[in-house]
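Notes to accompany the following structure.
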Amino acid sequence: MTFFRPSFRHPQLPANQAGYYLRDYEGGISTLCAGCGHDSINGAIIQACYELSLEPHRIVKLSGIGCSSKSPAYLLSAAHGFNSVHGRMPSIVTGANMANRELLYLGISGDGDTASIGMGQFVHAVRRNLNMVYIVMNNGCYGLTKGQYSATADKGSVGKKGEPNLLESIDLCEIAIQLGAGFVGRSFSGDKQQLVPLLKAAMSHIGMAFIDVISPCVTFNNTPTSTKSYHWVREHSEATSTFDFVPFRQEITTDYENGSTEAVTLHDHSVIYLHKKDPEVAVTDRRQAVDALEEHKEEGLILTGVLYVDPESEDTHTILNTSERPLNSLEQAELCPGSAALKEINEELR
Amino acid sequence: MKPIQSCNDLVIRFANVNGSGSASANNLFARAVFRLGLPVSPKNIFPSNIQGLPTWYEVRISEQGYLGRRGGVDMVVAMNGQTMHRDYAELQPGGYFVYDSSRQLPEEYERQDLVLIGLPLTNLCNEAFDNPRMRGLLKNIIYVGGLAYLLDMELEVLTAAVELQYRKKSQLIPPNLKALELGYDHARRHHQGRCLLTTRRRDDLIGDQILMDGNAATALGAIYGGATVVGWYPITPSTSVIEHFGRYAERFRREEGGGRLMAAIVQAEDELAALGIVIGAAWNGARAFTATSGPGISLMSEFLGLAYFAEIPVVLVNVQRAGPSTGMPTRTQQGDILACGYASHGDTKHLLLFPSTPAECFTMTARAFDLAERLQAPVIVMSDLDLGMNDQLSPPLNWDDDGRYDRGKVLDHDQLEALEEQWGRYRDVDGDGVGYRTFPGTHPSKGAYFTRGTSHDEYSKYSEESDTYLQNMERLVQKWETAKGLLPLPEERPAEEKAAIGLVCYGTTIFSAQEAVETLAREGLAIDVLVIKAFPFQQAVVDFIQGHEEVLVVEQNRDSQLRTLLLVECGLAPEQLTPVTSYDGLPIAARALVEQLRTLLASGQSTTTTVTQGGAA
């Protein structure tokens, strides 16, 4: 939907700790359909970046192709963006991250872009535990090509065209957990209360932070019979826990009852406090995390929230033991061995 | 039939079973020849297999310095029962058949025009060595010792080569030296005076040249060129580019103290991702490259289109092998010229460099990073299996310490800060078709833009306006023109007398082509040679073609791909270029080429000519 956004902002809106206002995190006007879940997710990303006081130009936003992949144009104008080709965002992020490990990489993709054409790149970026936030805006269908089912559409779900989806669906969160992502979460575009802190925690995690956000397609897949509709998701989702994300240095003011709250400290010393329904389930246990997803699926429920965290997981740079300095900052003097070394090599080859 | 008699000019073929350890013995032999000061050109003809299939190693020694494949075999060392009869049958009349005489030769080996030289390798080996695993390997060294005597080589050169080869596993030196001596002594006692092929040390032929494979030189070029990010996927024959890069990175790119690596080498899930990694890194300000071969090029075509249109400086090394499809993965060809020149859908074209020697692999790869960044475009280094995987005699590698990396047009923080007018990523302010780049994270409020593979205006905003699209596409043509002034120029090698015939070649074809031209010159036929080094073609290429009555284009593919590219890009008439091709998967052979050119030029017909090389695999 194209509309005109007023440039006026309330004069008393506060700046964050880095001195930026919310509008500094905004982007171009969205051209997505009115009511599209993706726009709500963009709003949540903007809010999360603002609340974390990130410097907008130290964020890099990347995407593939599709409705979701247009999103980077609608947020963070001050950040460099890269709208690549279909399903290939993860490899572009891998290279970008290798070149400069100091920036925050925000990969935005869709269910077609990730679960079909980009499946190979997705799983391997996860295996590398690439330090990035990987957001899938998951609506179970291809929007730009007018509503074909995607690989995350649930079997039996019926979209606008009326024919049920006959194929098994892919659960990207389960795959991400199995393949070693250090942080995996699921949320709903209509649940900003949950989504913003989830994004903040993901952005604070070092390593692959994967978030699957169910984001109804109002045009092609918001029918009463679709399991990716606003109505269905509201009725059938259940959170693992409610949780608070407390960034490093922020004062902890709340008291939690012992036993029901689990605290997970991330690499940057920020903490996720999980207030759990079932104190026995540990989100730091890979097998329990997958079991919980499957158990809920059997009951016809979508499990949301923080699904799995391993704050100790090693990211790609650590695995490869690369320089702590950004590789793109190294100068010729350090990179080029020079003619004396070459003379030695020539000698070895005679 | 008289036995072939020749000094410092011969071809020996070793026929082995792959996985039997023959490679290091054969290599030892080639290196020893090199250390005698003789131009040597070893070619490994190997199967796509790890163990058990036939493999050949062909060593040419040429006092005249001819480094291409000659064609024809003067001596065969027949170590493979599977191919023994074929190896025997294909020897030239007067040739030498060296075999393991521990078993008698079967009756069907009845040629009268050969010299049979039996060395009881198995018996000698079993008598001298107890360790059964070592026996197989040392048997190979015994025949090298035998050859040393037969070819009149200085044994000290070989013993020195053994000591060097096993300097890190010194317990292997004594048995290897013993094996060398066994072979040498046996040949001396039983075959004195029988072999008329000889070698003699020369101190005036190879000067300061080195013996190196092209892939190692390419890797070193990437190190010297400042590459820090590598995305790659294993594929023969390009894999060793990355392996060598890793080894050189260990040597030159470890940080002091901490030992962290100043390079990220990422083995990707496929070639798509490999190039994606390179694009992401190059976009983010690191010098990055990948190496691949034909099938990888097909997969990378999508991303090459993105890099062309979004103008991202990637370096891609294509070590070509025989296609189509999986083709012959371990055989050489120059078969990807068109696929690389025009890779990807829509109007795309790419900058190509054609190295012929390891020295050029080194220089061109290092230079490719400058070109890519200056022109903000992919640069493809077009090597091939012959150049990449075989040891080549090459001028030494050379580096100018005063040269500085050309990082191209990049705005840093202060330049962005000082900007007064609005910056546009794709604005051509200098008239060369190249805009200014910025890297993420540089400046809080200036220089951010949205990179895209969709049509975009000067400010990188999405646009479906026809005028905007056309303007952008025309600017890319302008950039293409700019490239011609930056790429290496073709090298003219004029005949001694005025020539009406010209010959165009590139890459590994130049050695056999040059030899053929010199052979024909001795017969009174003058031909000028033009070695093409890059695409797009410069005016000098057009001038050369227009300046000759007839121009032959010699290359190693079926469809005369460079010729097609020349016709299309230089606006030539088809009859102006006569195709001459050799594409059976073996490096083009000089003798066969001479025959073809002779026939072709005598008949005066400009028809498609394919060099038939004959001979084993």
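The values are calculated or read from the model by the stated rules, or taken from the named source; none is laboratory data. Note that this is a predicted model, so its numbers are computed, not measured. Virtual Cβ from ideal backbone geometry, glycine too; neighbours counted across all protein chains shown. Ligands, DNA and RNA are excluded from the accessible area calculation, which covers all protein heavy atoms including side chains. Shrake-Rupley method; radii C 1.70, N 1.55, O 1.52, S 1.80 Å.
Of note:
- Each peptide in A:216-222, B:384-390 receives the mean, over its residues, of other Cβ atoms within 10 Å, and ordering these scores from highest gives B:384-390, A:216-222.
- Taken as Cα centroids, region B:197-268 and region B:449-477 sit 39 Å apart, rounded to the nearest whole angstrom.
- Point-charge dipole on Cβ atoms (K/R +1, D/E -1) for region B:6-198, about Cα centre, debye to 20: 640 debye
- Heavy-atom accessible surface of region B:491-610: percent carbon and sulfur, 1.4 Å: 47 percent
- Averaged over the residues of A:97-105, the number of partner chain Cβ atoms lying within 10 Å of the residue Cβ comes to 6.
- Anchor A:LYS200: lysines whose Cα lies under 16 Å away (excluding residues fewer than 8 positions away in-chain): A:LYS61, A:LYS192
- Take each peptide in B:267-279, A:180-192, count the other Cβ atoms within 10 Å of every residue, and average; sorted highest first, the result is B:267-279, A:180-192.
- Helix axis angle, B:155-165 relative to chain B longest principal axis, alpha carbon, degrees: 40 degrees
- Within the accessible area of region A:45-92 (1.4 Å probe), percent carbon and sulfur: 51 percent
- For region B:1-115, the Cβ-based charge dipole about the Cα centre amounts to some 420 debye (Lys, Arg positive; Asp, Glu negative; other atoms uncharged).
- Shielding of peptide A:120-126 by partners, expressed as the average count of other chain Cβ atoms within 10 Å per residue Cβ, is 3.
- Contact with the other protein chains removes 40 Å² or more of accessible area, compared with the isolated chain and a 1.4 Å probe, from these residues of region A:55-82: A:HIS57, A:HIS80, A:GLY81, A:PHE82.
- FRET efficiency for B:GLN422 and B:ARG254, using Cβ-Cβ distance with R0 set to 60 Å, rounded to 0.05: 0.85
- Solvent-accessible area assigned to carbon and sulfur over region B:240-348 amounts to 51 percent, based on a 1.4 Å probe.
- Positive minus negative residues near B:GLY447 (Lys, Arg vs Asp, Glu; Cβ under 11 Å): +1
- Summing Lys and Arg as +1 and Asp and Glu as -1 over all other residues whose Cβ lies under 13 Å from the Cβ of A:SER63 gives a net charge of +3.
- For chain B, the relative contact order is 12 percent, taking Cα pairs closer than 8 Å that sit 6 or more residues apart in sequence and dividing their mean separation by the residue count.
- Take every DSSP beta bridge whose two residues both sit in region B:6-198; close to 50 percent of them are antiparallel.
- Contact surface A-B: accessible area buried, both sides summed, square angstrom, 1.4 angstrom probe: 5000 Å²
- Per residue, the protein assembly as shown reaches -10500 deg cm²/dmol at 222 nm when only DSSP H runs of four or more residues are counted, each adding -39500 (n - 2.57).
- Solvent-accessible area lost in complex, 50 Å² minimum, residues of region B:424-440 relative to chain alone, 1.4 Å: B:PRO440
- Close Lys pairs in chain B, defined as Cα atoms under 14 Å apart and 8 or more places apart or on different chains, number 5.
- DSSP assigns beta bridges within the protein assembly as shown; of those with both partners inside it, close to 35 percent run antiparallel.
- C-alpha center-to-center spacing [region A:146-161, region B:346-388] in angstrom: 46 Å
- Shielding by partners, peptide B:201-209 (average Cβ within 10 angstrom, other chains): 1
- Peptide packing: for B:59-68, B:120-129, A:341-350, B:412-421, the average count of neighbouring Cβ atoms within 10 Å per residue gives the ranking B:59-68, B:120-129, A:341-350, B:412-421, highest mean first.
- Accessible surface computed residue by residue for the protein assembly as shown, with neighbouring protein chains in place and a 1.4 Å probe, gives 39 Å² per residue.
- In order along region B:290-306, phi translates into HN-Hα couplings of 9, 10, 8, 9, x, x, x, 4, 4, 5, 7, 4, 4, 6, 5, x, 4 Hz, rounded to whole numbers, per the Karplus curve 6.51 cos²θ - 1.76 cosθ + 1.60 with θ = phi - 60° and x for Gly and Pro.
- Relative contact order for region B:449-580: 23 percent, from Cα pairs under 8 Å spaced at least 6 residues apart, divided by residue count.
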